[in-house]
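Before any comments, here is the structure.
The values are calculated or read from the model by the stated rules, or taken from the named source; none is laboratory data. Model, not experiment: these values are computed from the prediction. Cβ: placed from backbone, ideal geometry, glycine included. Neighbour counts: every protein chain shown.
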Amino acid sequence: MKKRPTYKRIVIKLSGEVMAGEGGVGIEPAALRELAEEIKELRDLEVEIAVVIGGGNLIRGTQAAEYDLERVTADQVGMLTTIINGLALRDVLERRGVPTSVQSAVPVGETVTPYVHRYALRDLREGKVVIFVGGTGNPYFTTDTAASLRALEIGAEIILKATKVDGVYDSDPFENPAAVKFDTISYQEVLQRRLCVMDATAISLCMDHQLPLVVFNIGAKGNMRRIILGEKEGTLIS
């Protein structure tokens, strides 16, 4: 018997680095194609999908000092990078027959449409993958916060937070070989331990509205599909 998805409407939070593959900078064609294939598999399960993309493959606002930029300017550069990422992902998805819309919190003329809540809901109901870009449209707010905000606005049932590690650990597993992975953890413990999962605003939004999120390794092919089908992958924060 064909397994049915556990979730009907989801938000996938992608970092800009996911778009960049192993290089960590720019957009890696192979990484983009693999990502599009995974999203297509989810849509084939008749799941309504929204995606929020970061801009860390070029610059983060917190790196402003490294580039000798004002923080607001660095955040604006980051927001524009998310638009570039969203356009690239839209193209490879549509080449695979996946109808897609890109909606931006930052007005950019005719390049992409502005984010409008009811248009996003309409596109989701019509089976389009909706890609939210431009963060929240404001400096000092991360795309993690944008993911939590958009998920709540569209009534998503869960956020899938794609990372390069297989879940949440009590310390950095790349620096500490003895780091312990959590299968499940509460929002409150994430905040108290100051675990680097999502920023505090994003976690607090999820906590206040009881929106679960799963932190998982995007590098392991099929992880998103397994999560959607109810299998245990990564770390569940709830």
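Of all residues in the range 111-148, those satisfying the criterion of being assigned to a loop (DSSP other than H, G, I, E, B), surrounded by 15 or more Cβ atoms within 10 Å (Cβ to Cβ) and of a type in the set (Phe, Trp, Tyr) are Tyr115, Phe141. When only residues in the range 5-57 that are without any contact (Cβ under 8 Å) to a residue 12 or more places away in the chain and within 22 Å of Gly97 (Cα to Cα) count, which is surrounded by the most Cβ atoms within 10 Å (Cβ to Cβ)? Across the range 5-57, the extreme among qualifying residues is Glu28. Apart from one condition, Ser171 fits all of (1) part of a helix (DSSP H, G or I); (2) without any contact (Cβ under 8 Å) to a residue 12 or more places away in the chain; (3) within 30 Å of Glu231 (Cα to Cα); the exception is (1).
Selection over the range 187-204 of residues that are surrounded by 14 or more Cβ atoms within 10 Å (Cβ to Cβ) and basic (Lys, Arg) gives a count of 1.
Within the range 194-203, does at least one residue satisfy the condition of being in contact with a Phe, Trp or Tyr (Cβ under 8 Å, 6 or more places away or on another chain) and within 29 Å of Asp123 (Cα to Cα)? Yes: the range 194-203 contains one or more residues that are in contact with a Phe, Trp or Tyr (Cβ under 8 Å, 6 or more places away or on another chain) and within 29 Å of Asp123 (Cα to Cα). Of all residues in the range 185-231, those satisfying the criterion of being in a loop (DSSP other than H, G, I, E, B) and among the charged types (D, E, K, R) are Arg194, Asp199, Lys221, Glu231.
List every residue pair whose Cβ atoms sit under 7 Å apart, with the two residues 6 or more apart in sequence or on different chains, where the first one lies in the range 124-151 and is within 20 Å of Ser204 (Cβ to Cβ) and of a type in the set (Asp, Glu) and the second, anywhere, is surrounded by fewer than 19 Cβ atoms within 10 Å (Cβ to Cβ) and at pLDDT below 95. Within 7 Å, the pairs are Asp144/Asp199. Just for the range 98-127: of the residues that are acidic (Asp, Glu) and at pLDDT 95 or above, which one is farthest from Ile84 (Cα to Cα)? Across the range 98-127, the extreme among qualifying residues is Glu126. For the range 172-192, the count of residues that are at pLDDT 90 or above and at positive phi is zero. Within the range 18-29, is there a residue that is of a type in the set (Asp, Glu) and assigned to a helix (DSSP H, G or I)? The answer is yes, given that some residue of the range 18-29 is of a type in the set (Asp, Glu) and assigned to a helix (DSSP H, G or I).
Here Met207 passes the criteria (1) touching a helix residue (DSSP H, G or I) at 6+ places or on another chain (Cβ under 9 Å); (2) exposed (fewer than 14 other Cβ atoms within 10 Å of the Cβ); (3) of a type outside the set (S, T, N, Q) except the one numbered (2). For Ala156, state whether it is touching a strand residue (DSSP E or B) at 6+ places or on another chain (Cβ under 6 Å), surrounded by fewer than 22 Cβ atoms within 10 Å (Cβ to Cβ) and of a type in the set (A, V, I, L, M, F, W, C). It is false that Ala156 is touching a strand residue (DSSP E or B) at 6+ places or on another chain (Cβ under 6 Å), surrounded by fewer than 22 Cβ atoms within 10 Å (Cβ to Cβ) and of a type in the set (A, V, I, L, M, F, W, C). Selection within the range 63-99: residues that are of a type in the set (Val, Ile, Thr) and either without any contact (Cβ under 8 Å) to a residue 12 or more places away in the chain or surrounded by 15 or more Cβ atoms within 10 Å (Cβ to Cβ) (or both). The member of this set that is farthest from Phe141 (Cα to Cα) is Val98.
Scanning the range 95-112 for residues that are over 16 Å from Ala30 (Cα atoms) and not hydrophobic (A, V, I, L, M, F, W, C) gives Gly97, Pro99, Thr100, Ser101, Gln103, Ser104, Pro107, Gly109, Glu110, Thr111.
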